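Novice: Take a look at this one; I'll ask things after.
The values are calculated or read from the model by the stated rules, or taken from the named source; none is laboratory data. Since the model is a prediction, treat every value here as computed from it, not as a measurement. As a convention, Cβ positions derive from the backbone with ideal geometry for all residues, glycine included, and neighbour counts pool all protein chains shown. Calculation scope for accessible area: heavy atoms of the full protein, side chains included, ligands and nucleic acids excluded. Shrake-Rupley method; radii C 1.70, N 1.55, O 1.52, S 1.80 Å.
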Amino acid sequence: MSHRASLESGTVTVADSDLRALISSLSPLLFDERTHEPYLPFPSSSPFANFRLTPPRLSDLSNKVSAANSPSIQPFLSSTPVPVTETWAEQVILTDQKTILAILLAWTATDPPGGTTFRILRQIVDESDRKQDVYAGEIAFVREKWFQLEARDDEVERARLQALNNAKLAGDRTISWTVGFYIVQAFAGRGLMTATLETAMDFGKTVLNVHKIVSGAFMENEASKRVHYKLGFTSPGSDWVDLPPGRAELFGKRKEVCVLEWRRE
């Protein structure tokens, strides 16, 4: 991996000061002064200004496993194993880190990034010591997966649409995006996830030229639907997904999903 951006002690780091300056001049991303980890701050006027969005770290492993297996989150996930293991979670973290490093290294003055560089929501308890970060949740903001076609076992059409969407150049307004998120129970009910999604969407609009987001929430997940509706998503209807083995035995083989869409004028 290039020395300009790499993994240092399990953390995504941008060592190149010129690259850091370029990215910060073209986006709201900032960099931790001590570790040079990129992060997306919340607006200074936000009641959650002491939170930030960062790439995942290997040190998140135990928190990620604990959150994904918690009773407030596990029933609302659709494809993670039951239970989530450290081996599985580590592979997800490493894959996300590799994707984020590629995005950072490809960023130039003329080429916008191909995706987001954040996954983890953190509360900053003491800015002088990053070890005081508190893991508060996760948000994925990626190109659309067409979960509706997965539910209908139409993998050929799903693969075709994904390939077409993924082949579009960064900044193309016709790219279709999707979001997924969860929040640790200790931080729930405060409006934090609404502020988190709003911050991520602002990044998407200003940096990625996002014009369309398709998301979904299980019909019984009222909290997730409320977050979407507050930020201008509407629902054209519902669809069904088949849960994988292990999850199906606990939560039912088929689940109804509220489809949620946001479009930029």
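Novice: Pop a pseudo-label 7 angstrom from the Cα along the beta-carbon direction at both Tyr229 and Ala15 and give the gap in nm to one decimal.
Specialist: 5.1
Novice: Give me the net charge for the shell around Trp262: Cβ to Cβ below 14 angstrom, other residues only, Lys and Arg +1, Asp and Glu -1.
Specialist: +2
Novice: Sticking with this one: Counting each DSSP H run of 4 or more residues in the chain as -39500 (n - 2.57), what helix-only mean residue ellipticity at 222 nm follows after dividing by all residues, to the nearest 500 deg cm²/dmol?
Specialist: Numbers: 8 runs with 83 residues, N = 265.
Mean residue ellipticity at 222 nm (helix-derived): -9500 deg cm²/dmol.
Novice: Have a look at the DSSP beta bridges in the chain and tell me what percent are antiparallel, nearest 5.
Specialist: The antiparallel fraction comes to roughly 95 percent.
Novice: Another one. Check the straight Cα-Cα distances from Lys230 and name the aspartates and glutamates below 13 Å, setting aside those fewer than 8 residues away within the same chain.
Specialist: Answer for Lys230, where 13 Å is the Cα cut-off: Glu198, Glu222, Glu261, listed by chain and number.
Novice: Please work out the Kirkwood hydrodynamic radius for the chain, using every pair of different C-alpha atoms, and report it in angstroms with one decimal place.
Specialist: 19.2
Novice: Rounded to the nearest whole Å³, what is the per residue volume of the convex hull around the Cα atoms of the stretch 200-265?
Specialist: 102
Novice: So for His36, His228, His211, what's the accessible-area order with a 1.4 Å probe, most first?
Specialist: Final ranking, largest accessible area leading: His36, His211, His228.
Novice: With only alpha-carbon atoms in the gyration tensor, what are the semi-axes of the equivalent ellipsoid for the stretch 115-249, in Å, largest first?
Specialist: Result for the stretch 115-249: semi-axes of 27, 20, 15 Å.
Novice: Using the structure shown, select from Lys145/Lys255; Lys98/Lys212; Lys98/Lys225 the pairs with a Cα to Cα distance greater than 21 angstrom.
Specialist: Lys98/Lys212; Lys98/Lys225
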